[in-house]
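Here is the structure we will look at, set down as structure tokens.
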Amino acid sequence: MFPDLTSDDIFRIETQRLWLRWPRASDIASLTSIASLAHVAQMTALIPHPYPPGEAERFIMKARAENANGTALILAITKKGGARQTIGLIGAHVTAADIELGYMLAPQYWGKGLATEAVKALANTVFSLTRASRIHANSRVNNIASRRVLEKAGFAFVDTGLDLLPARGGLHPCDRFQLDRKTWAAAKRAEGEKRPMPPMAQQAQQAQQAQDASGIKPVAAAGEAEG
Ligand SMILES: CC(C)(COP(=O)(O)OP(=O)(O)OC[C@H]1O[C@@H](n2cnc3c(N)ncnc32)[C@H](O)[C@@H]1OP(=O)(O)O)[C@@H](O)C(=O)NCCC(=O)NCCS
């Protein structure tokens, strides 16, 4: 279950280029235009095609209800700055077997690493705020872009099998992936070790190194010298 923190619609996640926030009524037009595209819908389990009138509104109401009761965290993907219109969706659902992840992005934003950025951020949130031991995701075997997103976000390939994609009318061959908490934590540690030091800390370290090399002790502050 997701905690109280995510069950209020002021909850949002910031990444380098994105805000991930609760979907709202003003997203209906953008979501309808993305979900109506055959090449987007056909890669998903749940988006019907053709996209029926009223479906985006129904989806948003349901997503908000699930977010509010802690059974999911479904967020609109928006770009920072500018109009901040919705360019996609990402969702993590609580299932019997931990957490299931899904996402889609408007085609004009493909190939810029944005889905990967959103998936990494949501995975961080899941492992930071819930007790889930792993996140599952699957993609149709011909969905190379989605497969790459999962690989780049640290997911491991598990197997290929027939999965139910209700909106695609039955079982379809899918590649199954998972990211477990241990792997995620190890990757975070490695990332932290590689991250450059913030400028202030860097200056302090350089000053300390220069001082050590010169062998000169710092002059005591006035109060200390007098005392
Ligand atoms: C899957 C999807 C979210 C990817 O979004 P995105 O922002 O383009 O993803 P990213 O840019 O983060 O990564 C895409 C990767 O796939 C690669 N890729 C895309 N199409 C490819 C192809 N035909 N062959 C090889 N690689 C391909 C890109 O080069 C990139 O990898 P790289 O960074 O190593 O070069 C987007 O294509 C989408 O919304 N598709 C429709 C819905 C969908 O498939 N949802 C997932 C359901 S499981």
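What follows draws every value from the coordinates through simple rules; no lab data is involved. What you are looking at is a predicted structure, and each value in this text was computed from that prediction instead of being measured. As a convention, Cβ positions derive from the backbone with ideal geometry for all residues, glycine included, and neighbour counts pool all protein chains shown.
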Here the qualifying pairs (Cβ atoms under 9 Å; residues six or more apart or on different chains; first in the stretch 111-135 and within 15 Å of HIS93 (Cβ to Cβ) and of a type in the set (A, V, I, L, M, F, W, C); second in a helix (DSSP H, G or I) and within 16 Å of the ligand (Cβ to nearest atom)) come out as VAL119/VAL149; VAL119/LEU150; VAL119/LYS152; ILE135/LEU122; ILE135/ALA123
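Looking at the stretch 94-108, which of the residues that are within 13 Å of the ligand (Cβ to nearest atom) and in contact (Cβ under 8 Å) with a residue 24 or more places away in the chain is surrounded by the fewest Cβ atoms within 10 Å (Cβ to Cβ)?
Kept after step one, since they are within 13 Å of the ligand (Cβ to nearest atom), are these residues of the stretch 94-108: 100-108.
Restricting the remaining residues to those that are in contact (Cβ under 8 Å) with a residue 24 or more places away in the chain gives 100-107.
Numbers: GLU100: 17, LEU101: 23, GLY102: 18, TYR103: 21, MET104: 23, LEU105: 21, ALA106: 20, PRO107: 11.
Across the stretch 94-108, the extreme among qualifying residues is PRO107.
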Could you please find all residues in the stretch 40-90 being in contact (Cβ under 8 Å) with a residue 60 or more places away in the chain, among the hydrophobic types (A, V, I, L, M, F, W, C) and outside any strand (DSSP E or B)?
-> VAL40, ALA41, MET43, ALA45, LEU46, ILE47, ALA68
For the stretch 38-69, what are the residues that are within 13 Å of the ligand (Cβ to nearest atom) and either of a type in the set (A, V, I, L, M, F, W, C) or surrounded by fewer than 14 Cβ atoms within 10 Å (Cβ to Cβ) (or both)?
-> ALA38, HIS39, VAL40, ALA41, MET43, ALA45, LEU46, ILE47
Could you grab the pairs with beta carbons closer than 7 Å, sequence gap of 6+ or different chains, first residue in the stretch 162-181 and over 22 Å from GLU151 (Cα atoms), second one part of a strand (DSSP E or B) and among the charged types (D, E, K, R)?
-> LEU171/ASP163
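Condition (residue is within 12 Å of the ligand (Cβ to nearest atom) and surrounded by fewer than 15 Cβ atoms within 10 Å (Cβ to Cβ)) applied to the stretch 19-37: is it met by at least one residue? Steps first, answer last, please.
Initial filter on the stretch 19-37 (within 12 Å of the ligand (Cβ to nearest atom)): 34-35, 37.
Remaining after also requiring surrounded by fewer than 15 Cβ atoms within 10 Å (Cβ to Cβ): none.
No, the conditions are met nowhere in the stretch 19-37.
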What number of residues within the stretch 112-159 satisfy the criterion of being part of a helix (DSSP H, G or I) and within 13 Å of the ligand (Cβ to nearest atom)?
-> 18
